[in-house]
Amino acid sequence: MQMQRLTIHIKLLQNMFDGKSYLNYINKMDSSFKLLKLSPEILAAIQNLGYSKMTPIQAASIPLLLEGHDLVGRSQTGSGKTAAFALPILQKIHKADKTPQALILAPTRELCEQILQEIRKFSKGLKNIQVMALVGGQSSSAQIKSLEMGAQIIVGTPGRTLEFLRARLVEVDDLKTLVLDEADRMLDEGFTEEVTQIIELLPTKRQTVFFSATFPESIEQLSLKYQKNPKTVSVLQEKTSAPMIEQFLYIAEKPEKIDTLMRILQQHPANSVLIFCRTKASVAEINELLLEAKVATSALHGDLEQVQRDQTMARFRSGSLRVLVATDVAARGIDIDHLELVINFDLPSTTDIYLHRIGRTGRAGKKGVAVSIADAFEATKVEELERVMGKPFNRFELNLKGKAVIAKTLQQPKMKMIYISGGRKDKLRPGDVIGTLTSQPNAIAATDIGKIELHDTFTYVAVSFAVAGKALQKLTTSKIKGHKYKASYIK
Ligand code: AMP
């Protein structure tokens with residue numbers, strides 16, 4: 001039994017990236033984080049997150065970065081590359097110095113935000129480490145304040161960073177590490193000029209690190225000009241059939257699946273999550289556990305009345321629910337513009353269902369994330385999925401010590417839904433509802449009003465969680481278009 005399990009595991013691992021090189025690679029290096037020269041605090045943070053092994057890009061880059069080498073890392077999002085450059089940076093920060101010591105440049109605000117969140121995951125338990133974003137579209141004064149308070153790690157977009165450097169709002173004398181993340185995208189999007197000017201303003205004695213999915217001529221030029229004896233590490237995956245969807249696979253034995261799910265919710269921050277289960281019983285069980293963890297969640301399964309289903313969907317669409325736990329059958333009619341995260345608690349029985357499930361994320365040009373949980377006995381199914389997708393999953397195995405800390409975003413619904421007893425047949429229009437809510441006294445700001453769904457005999461309106469009480473009060477005591485209606489929260 002044990003033997004059989006082991007064989008399947010190796011087979012699964014062999015599949016990772018390309019089989020041959022992975023096996024070579026595990027022969028050559030041990031992938032435990034404990035072998036790294038990282039401080040006990042950082043190792044504890046890694047352990048708290050449940051990471052049991054380094055990903056290939058981490059195992060290949062972290063030792064080199066800790067030794068101070070310049071590096072060109074070829075890898076894609078989803079490979080664990082953020083931790084690959086972030087952990088060595090955290091290790092090298094001089095906590096006593098409150099000046100910027102590392103600068104990470106990335107092409108978009110969203111990416112900067114993701115990197116920031118990832119670094120915060122590791123630095124949570126570390127005292128005296130300040131990380132900040134330097135991106136456009138946010139107030140400069142808040143950013144100036146963060147710098148004054150002593151940010152040691154800056155994650156910035158090229159535009160805003162250059163602006164601050166030129167205005168001498170950032171002190172870079174102590175800067176030791178520069179990282180260009182998604183360097184190819186940064187150059188493609190026309191930031192070459194800004195990036196070069198930024199580098200020219202930094203101390204020449206520094207570590208320079210590039211991470212990039214491709215290695216075009218432009219990157220080579222940049223590397224020749226600004227890196228010293230760079231090492232190259234490369235972990236590449238084939239092109240994907242669903243390019244906007246990052247697909248992860250967590251291997252877990254059956255009794256560990258729920259714990260693994262909790263870690264996934266901790267590790268993949270998202271505002272809207274759909275969790276698929278094979279049976280009604282698991283839907284109910286998981287929903288209960290999430291409710292206990294104070295997650296804004298609801299269950300969707302075939303036994304629910306149509307009205308309940310509609311209400312649940314409306315709440316999910318408006319952001320008053322963050323998580324839906326559903327069976328395939330119940331989810332069939334779900335129409336949601338964009339989901340940030342789809343989790344397959346159970347692998348579906350066919351690849352078609354898999355593609356259909358994950359197709360609910362990554363829509364309209366937005367990035368989506370799909371995470372599946374499988375046990376070692378599902379290797380054949382996993383292989384089949386990988387064959388159809390034309391690429392291997394980003395694979396992880398977790399070490400489930402300690403308790404998962406569920407992301408606050410999932411616990412704080414953005415909006416609350418209110419039911420109003422009048423609808424289209426009463427000649428109500430969205431403007432009428434907005435009119436009542438924004439009228440004096442006790443006006444609700446228009447920016448606190450979300451989706452308004454008009455139905456024949458009733459209306460749903462979403463309002464910001466913080467002003468929900470005030471909004472309900474208004475709707476129950478004031479008239480809408482000259483009439484009094486009943487109003488209540490939808491639970
Ligand atoms: P990235 O490629 O940096 O966007 O990382 C992808 C995801 O993998 C992130 O949600 C990380 O928190 C997670 N991750 C990174 N390294 C590991 C690891 N060694 N074990 C488990 N999860 C990881």
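General remarks:
- Accessible heavy-atom area order of 194, 220, 67, highest first, probe of 1.4 Å: 67, 220, 194
- With every protein chain in place, the range 52-104: carbon and sulfur % of accessible area (1.4 Å): 52
- Taking the Cα centre of the chain as reference, the dipole from Cβ charges on Lys and Arg (+1) and Asp and Glu (-1) amounts to some 1360 debye.
- Fraction of alpha-carbon pairs over 17 Å apart in the range 95-208 - percent: 51
- Three principal axis extents of the chain based on alpha-carbon atoms, in descending order, are 76, 65, 40 Å.
- For residue 488, the solvent-accessible surface computed with a 1.4 Å probe is close to 50 Å², ligands and nucleic acids excluded.
- Volume of the Cα convex hull of the range 245-410, divided per residue and given in Å³: 108
- The chain - percent relative contact order, Cα under 8 Å, separation 6 or more: 16
- Cβ-Cβ FRET estimate between residue 294 and residue 328, R0 fixed at 30 Å, reported to 0.05: 0.65
- As computed over the range 158-286, the Cα convex hull volume per residue (Å³): 194
- The range 414-489 - convex hull of the alpha-carbon atoms, volume per residue in Å³: 70
- Each Lys or Arg adds one and each Asp or Glu subtracts one; over the other residues with Cβ under 15 Å from the Cβ of residue 438, this totals +3.
- Positive-pole candidate from 385, 372, 35, dipole of the chain, charges at beta carbon: 372
- The value of relative contact order for the range 4-236, using C-alpha pairs under 8 Å at least six residues apart, is 26 percent.
- What you get for the range 78-141, charging only the Cβ of Lys and Arg (+1) and of Asp and Glu (-1), is a dipole of about 260 debye around the Cα centre.
- With protein chains left intact and a 1.4 Å probe, residues in the chain average 47 Å² of accessible area per residue.
- Using alpha carbons only: equivalent-ellipsoid semi-axes of the range 40-165, gyration tensor based, whole Å: 24, 17, 13
- R0 of 45 Å, Cβ-Cβ distance residue 108-residue 349: FRET efficiency to nearest 0.05: 0.75
The values are calculated or read from the model by the stated rules, or taken from the named source; none is laboratory data. What you see is a predicted model; the values in this text were computed from it and never measured. Quick reminder, even Gly has a Cβ in these numbers, built from the backbone with ideal geometry, and neighbours come from all protein chains shown. For accessibility, only protein heavy atoms count, side chains too; no ligands or nucleic acids. Shrake-Rupley method; radii C 1.70, N 1.55, O 1.52, S 1.80 Å.
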